[in-house]
Amino acid sequence: MSNVMLTEFFLATWQTIYMVLASGAFAVLFGLPLGVILMISRHQDILENKYLNVILAAITNGVRSIPFIILLVAIVPFTRLITGTSIGTTAAIVPLTIGAIPFFARLVESALNDVAGGLIEAGTSMGASPLQTVVKILVPEALPGIINGITITLIALVGYSAMAGAVGGGGLGDLAIRYGYQRFEVGIMLATVVLLIFLVQLIQYLGDFLAKKVSHK
Amino acid sequence: MIELKQVEKTYHSKAGVVHALTNINFKVAPGEIFGVIGKSGAGKSTLIRCVNLLERPTTGQVMVAGQDITKLTDRELRSTRHQIGMIFQHFNLISVRTVYQNIALPLELIGYSKEKIEQTVMPLLELTGLLEKKNQYPAQLSGGQKQRVAIARALASSPKVLLCDEATSSLDPHTTTTILQLLKDINIKLGLTILLITHEMDVIKAICDHVLLLDKGKIIEQSDVIEFFTKPKSHLAKNLVKTSLRQELPIILQQQIKPTASDNTNALIRIIFHGHAAAEPFIAHLMLELNIKLNILQANIEFIKNNTLGIMVTEVISGLENLPQAIDYLQKNDIEIEVLGYVERDAN
């Protein structure tokens, strides 16, 4: 493998990691509160609010229905507003984040739903306010589940980021398409796949390790 | 301390209106242990949840420490709830918090400082015998230990009232006894008023001062615990007491018993005595003064709330004609007597 190729590999790997971690971090930042609100607005013991729930659920499902490749180009004006450009790795982070927020929010909601109703009831009986219930009981108790959700989201982002090439985002997926698919260089295709598998395994391993560490069940 | 007035709770479901509670009125005096008993589905859980408004009654008043808590704002209700501790059948501990942190939780909610929390939690760990378990997580504890943590947690905010929702129902008999002892200890040491719901008569027998029997959302009867066991009024209460006090006759006698007397039968009578009556030599009196000879077939002494309750089934060998005087004498001495039926003379 030539030096040029090697540089391409390093760059693409870095781009993938950068896109996945940055959009993952933003997805957690926005998706966690969204997931919490989705859950508590449906729960009669905390902060039931049917209208809010219906609206948020509709937006969440709406974004999740859009194929990612469409989302990538559809929100170009918004991307330009945020990053100043619509092309490149940093620009790709915006649609990746937008796509991952509702995905992660639903995973958070599901993790919170798994917290036994008795615990919420116990909190209420102790005089916990809705905010205290969320901060002191719900989120800590659901943390292992939330970490699993982060793992799943990051792995999904590895997949999504393969399409970032469409807006010049680069990354391993883009490399595989350009060299492996368009130029029939099977060796390079295989190498990127192996790298991607390794990356996914690493994320899964770290996620499982952390989830186990915070769980005391 | 607690008073429910005209409390009703109805649910609207697809199947129609469900009356979970109807016309509930009762009072729990300060410092007493008040037990609500009933079958599953009787409405016990709804009832106890109405006391701290985990469920809001459809109508009626819930008075706790003199104030109608159904009229409070959310904020006021939260601070009132600090005065009402609650423990649950499934403990409901936070799995990611240690024993110490679980007990500290209600204090964190109030906003105590770290030092003040420690000053409050340490004595509670001692009271509930959990000092050594302080840094363990709930998953590492036995059921009884988990319930101790829950009790300590419920006591942390120095409540006036403790609600126990089937607190011993998922524990084995031995652990149940130790938990009940702890509750009794707390009741005495802290003067805490306890309202508990259970389906186990043994719980009522062991620690309650007052009993309320609930069935299909309605109060069937309520009375002092001794009265409940000695003079149950309703059919349901009678059955419960009978089973609980093992008053069922041995099967061999049940098969032989006849409702009416004949020439060759003896009467079977049940005698129930309690309190000071237990000190009265009444069998000797019956034999010597009234010439009634008794053969004891079954006898059982129960301790209910520090009172002795004796139950005896006897066969009247002779002197049946004097039975009216005997009944008269026994009733004067607060001893209950009941003719159960008749058995053939040589039956045993």
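Name the single residue that is most open to solvent (accessible area, probe 1.4 Å) among those in region B:325-343 being within 29 Å of B:CYS208 (Cα to Cα) and assigned to a strand (DSSP E or B).
B:GLU338
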Report summary line: Among (1) open to solvent by less than 50 Å² (accessible area, probe 1.4 Å); (2) touching a residue at least 40 places away in the same chain (Cβ under 8 Å); (3) not aromatic (Phe, Trp, Tyr), B:GLY144 falls short only on (2)
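Can you tell me which residues in region A:149-178 are in contact with an Asp or Glu (Cβ under 8 Å, 6 or more places away or on another chain) and touching a residue at least 40 places away in the same chain (Cβ under 8 Å)? Reasoning before the result, please.
If we filter region A:149-178 for residues that are in contact with an Asp or Glu (Cβ under 8 Å, 6 or more places away or on another chain), which is where we start, we get A:151, A:162, A:164-165, A:175.
Residues satisfying the conditions are A:THR151, A:ALA164, A:LEU175.
The rows are residues; the columns are (1) on the phi > 0 side of the Ramachandran plot; (2) buried (at least 18 other Cβ atoms within 10 Å of the Cβ); (3) hydroxyl-bearing (Ser, Thr, Tyr); (4) touching a residue at least 40 places away in the same chain (Cβ under 8 Å).
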| residue | (1), (2), (3), (4) |
| --- | --- |
| B:LYS39 | no, no, no, yes |
| B:ASN52 | no, yes, no, yes |
| B:GLN61 | no, no, no, yes |
| B:VAL64 | no, yes, no, yes |
| B:ASP68 | no, no, no, no |
Query raised in the report: Between residues in region B:73-85 that are more than 7 Å from chain A (Cβ to nearest Cβ) and without any contact (Cβ under 8 Å) to a residue 60 or more places away in the chain and residues that are crowded, with 18+ Cβ neighbours inside 10 Å and among the aromatic types (Phe, Trp, Tyr), which pairs lie under 9 Å by C-beta distance while being six or more apart or on different chains?
Result: none
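Quick one: which helices (runs of 4 or more DSSP H) lie wholly within region B:202-292 and hold at least 2 residues that are out of contact with any Asp or Glu (no Cβ under 8 Å at 6 or more places or on another chain) and within 26 Å of B:THR178 (Cα to Cα)?
Of the helices (runs of 4 or more DSSP H) lying wholly inside region B:202-292, those with at least 2 residues that are out of contact with any Asp or Glu (no Cβ under 8 Å at 6 or more places or on another chain) and within 26 Å of B:THR178 (Cα to Cα) span B:225-230, B:235-244.
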Query - Test: B:LYS27 is open to solvent by less than 50 Å² (accessible area, probe 1.4 Å), under 14 Å from B:LEU4 (Cβ atoms), charged (D, E, K, R) and away from every other protein chain (no Cβ under 14 Å) - result: no
Query raised in the report: So, of the residues in region A:119-144 that are more than 7 Å from chain B (Cβ to nearest Cβ) and open to solvent by 10 Å² or more (accessible area, probe 1.4 Å), which turns out to be nearest to B:LEU162 (Cα to Cα)?
Result: A:PRO130
Query raised in the report: Are any residues in region B:302-324 over 23 Å from B:ILE226 (Cβ atoms) and either surrounded by fewer than 15 Cβ atoms within 10 Å (Cβ to Cβ) or touching a residue at least 60 places away in the same chain (Cβ under 8 Å) (or both), and if so, which ones?
Result: B:ILE317, B:SER318, B:GLU321, B:PRO324
Requested in this report: Being open to solvent by less than 30 Å² (accessible area, probe 1.4 Å) and more than 8 Å from chain A (Cβ to nearest Cβ) is the filter; apply it to region B:94-111 and report the residue that is nearest to A:SER215 (Cα to Cα).
Outcome: B:THR98
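I'd like to check something: does region A:207-215 contain any residue that is in contact (Cβ under 8 Å) with a residue 24 or more places away in the chain, open to solvent by 20 Å² or more (accessible area, probe 1.4 Å) and over 21 Å from the mean Cα position of the chain (by Cα)?
Kept after step one, since they are in contact (Cβ under 8 Å) with a residue 24 or more places away in the chain, are these residues of region A:207-215: A:207-208, A:210-212, A:214-215.
With the extra rule that they be open to solvent by 20 Å² or more (accessible area, probe 1.4 Å), the set shrinks to A:208, A:210, A:212, A:214-215.
Within this subset, residues satisfying the condition of being over 21 Å from the mean Cα position of the chain (by Cα) are A:215.
The answer is yes, given that some residue of region A:207-215 is in contact (Cβ under 8 Å) with a residue 24 or more places away in the chain, open to solvent by 20 Å² or more (accessible area, probe 1.4 Å) and over 21 Å from the mean Cα position of the chain (by Cα).
The values are calculated or read from the model by the stated rules, or taken from the named source; none is laboratory data. Because the structure is a prediction, the values reported are computed rather than measured. Heads up, the Cβs are rebuilt from the backbone with ideal geometry, glycines too, and the neighbour counts pull from every protein chain shown. Surface areas here come from the heavy atoms of the whole protein model, side chains and all, with no ligands, DNA or RNA. Shrake-Rupley method; radii C 1.70, N 1.55, O 1.52, S 1.80 Å.
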